[in-house]
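The values are calculated or read from the model by the stated rules, or taken from the named source; none is laboratory data. Predicted model, so just to flag it, every value in this text is computed and none were measured. Methodologically, a virtual Cβ is constructed for each residue, glycine included, from the backbone with ideal geometry; neighbour enumeration extends over all protein chains shown. In case anyone asks, the SASA skips ligands and DNA or RNA and just uses the protein heavy atoms, side chains included. Shrake-Rupley method; radii C 1.70, N 1.55, O 1.52, S 1.80 Å.
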Amino acid sequence: MTLALLVDCDTGIDDAFALTYLALREDVEMAGVVSTGGNVPAAVVHRNNLVLTELLGIDAPVALGADRPLVEPPMFADDTHGPGGLGHAVLPEPTRAEDPRSGAQLWVDLARERPGELVGLVLGPHTNLALALAIEPELPRLLRRLHVMGGAIHHRGNTGPTSEWNIAVDPEAAQRVLAAFASAPRLPVLGALQATESVHVHGEVLERVEQLAGTSGNPVARILADALRFYFEFHESDGFGWSAHVHDPLVAAHAVTGDFASTRPLAVDVELTGTLTRGQTVGDELGRWGREPTVDLLTHVQADAFVEHLLSTLEAGLR
Ligand code: RIB
Ligand code: CA
């Protein structure tokens, strides 16, 4: 059975791996892509999404999202992903058309056109999904399911001491999305840092992607290799050694296959007023809030199996 996906991403290096992985899956229909500002400005994300979808043969609509978060001033991660968002990669100019709608409107239109069919996958800040909810409050019931890469539950942050990037960029949007989807027929799946950082990507992975780029001559493989090398350089400079945390593809692979991780229900909310903790995703393990769970949290990641699955998918599809 084919899974119809709308991917909302801040492409970004790991977003590019996720988009490529999804494009190579025969059981995935990329119904739409929303370009959300995050790792780099929305316009740069958009250029990356247009180029990647064109090179990957994805003719889905690609819509530009808002150019800033709901409340926070924009912040970017040039050090992590490079000013162009894809590290050392040199991209051709896109020749394909963008969709003229806003990212929020694309969310709403696709969900209304395909009630109960579309799976949402958010791999960046939640700005445009929150804006889409303001247009169509029924989104949680129109979407088949929502999968999100974001947050850090009882785990250090990667942006602030307690906050993860996708949430920290736009905490108000994340809080609104969690509140709205708490009443969805199926809770959102949340792939937080403790899950995605359990996937250790070391030098041999970079070597395999470099080798794929060299032997295939495939332009997407070359982009991924040049992007990943920059990501390794950043992680090494950030004290993690010659490695990378490749967050988004794990959430994408679980969304499509249901494999590589388990889930457990948990009431999660976003801190908005903490002096030191704004943007933290707080999980209520002991039920102190007396609230129903708001997410299905990814747990027990089968990291090695996932990494091999990702690489073999890329090697088979980009050869
Ligand atoms: O914290 C990791 C997340 O932030 C990933 O989605 C990465 O691409 C950035 O968006
Ligand atoms: Ca991302």
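Show that you can apply the helix-only estimate: for the chain, add -39,500 (n - 2.57) for every DSSP H stretch of four or more residues, divide by all residues, and state [θ] at 222 nm to the nearest 500. Intermediate results must be reported in sequence, preceding the final value.
Working: 13 runs with 132 residues, N = 319.
After summing the helix terms and dividing by the residues of the chain, the value is -12000 deg cm²/dmol.
Overall size of the range 131-216 from C-alpha positions, given as principal axis extents largest first: 48, 34, 21 Å. Inter-label distance, Thr2 to Asp27: 1.5 nm, where each label sits 7 Å from its Cα along the C-beta direction. So if the hydrodynamic radius of the chain is defined as the Kirkwood radius over C-alpha pairs, what does Stokes-Einstein give as its diffusion coefficient at 4 °C and 1.567 mPa s, in µm² per second? This corresponds to a translational diffusion coefficient of 68 µm²/s.
According to the calculation over all Cα-Cα pairs in the range 1-56, the P(r) per 10 Å bin from zero is 26, 56, 16, 1 %.
Taking N as the number of residues in the range 157-291, what is its Cα Rg relative to 2.2 N^0.38 Å? If you can, show how the numbers build up before the last one.
Working: Rg = 17.7 Å, N = 135, 2.2 N^0.38 = 14.2 Å.
Against the empirical 2.2 N^0.38 Å value, I get 1.25 for the range 157-291.
The share of Cα pairs per 10 Å bin across the range 45-165, counted from zero up to the longest distance, runs 12, 35, 37, 15, 0 percent.
Order Phe234, Phe306, Phe240, most accessible first, counting only protein heavy atoms with a 1.4 angstrom probe. Please report the intermediate quantities before stating the final value.
On the way: Phe234 30, Phe306 5, Phe240 85 Å².
Largest to smallest exposure gives the sequence Phe240, Phe234, Phe306.
The modelled label-to-label distance for the pair His88/Arg186, using points 7 Å beyond Cα in the direction of Cβ, is 4.1 nm. For the range 18-30, putting each phi into the Karplus relation 6.51 cos²θ - 1.76 cosθ + 1.60 with θ = phi - 60° gives couplings of 5, 4, 5, 4, 5, 5, 8, 7, 6, 8, 10, 10, 7 Hz, in residue order, rounded to whole numbers and with x for Gly and Pro.
Please sort by residue number the GluC sites (Glu not before Pro) in the range 193-257 whose DSSP state is loop and whose Cβ has at most 14 other Cβ atoms within 10 Å. Mind showing how you got there, number by number?
Details: sites: Glu197, Glu204, Glu207, Glu210, Glu233, Glu236; in loops: Glu197.
Sparse-neighbourhood loop GluC sites (Glu not before Pro): none present.
Would you calculate the convex hull of the Cα atoms in the range 193-245 and tell me its volume per residue in Å³?
Numbers: hull volume 3.7 nm³, N = 53.
Considering the Cα atoms of the range 193-245, their hull volume per residue is 70 Å³.
Full extension of the segment from Trp242 to Thr215, taken as 0.36 nm per residue of separation minus the current Cα-Cα distance, would add 7.4 nm. Can you give the FRET efficiency for Leu272 and Arg112, using 1/(1 + (r/R0)^6), R0 = 25 Å, r = Cβ-Cβ distance, to the nearest 0.05? For R0 = 25 Å, the calculated efficiency reads 0.25. Among the trypsin sites (Lys or Arg not before Pro) within the range 254-304, those in coil by DSSP and having at most 12 neighbouring Cβ atoms inside 10 Å are Arg288, Arg291. For the range 133-147, putting each phi into the Karplus relation 6.51 cos²θ - 1.76 cosθ + 1.60 with θ = phi - 60° gives couplings of 5, 5, 7, 9, x, 7, 3, x, 9, 7, 6, 5, 6, 10, 10 Hz, in residue order, rounded to whole numbers and with x for Gly and Pro. The length gained on full extension between Glu138 and Ala305, counted as 0.36 nm times the residue separation minus their Cα-Cα distance, comes to 56.4 nm. Residues whose amide H comes within less than 5 Å of that of Val199, counting only those at least five positions distant or on another chain, are absent (H built at 1.01 Å from N in the peptide plane).
Remark: the range 1-76 carries 31 Å² of accessible area per residue (probe radius 1.4 Å; ligands, DNA and RNA excluded).
Dipole magnitude for the chain: about 600 debye, using +1 per Lys or Arg Cβ and -1 per Asp or Glu Cβ, origin at the Cα centre.
Projecting the Cα atoms of Ala195, Gln105, Ala255 onto the charge dipole of the chain (Cβ charges, centred on the Cα centre) puts Gln105 farthest toward the positive pole.
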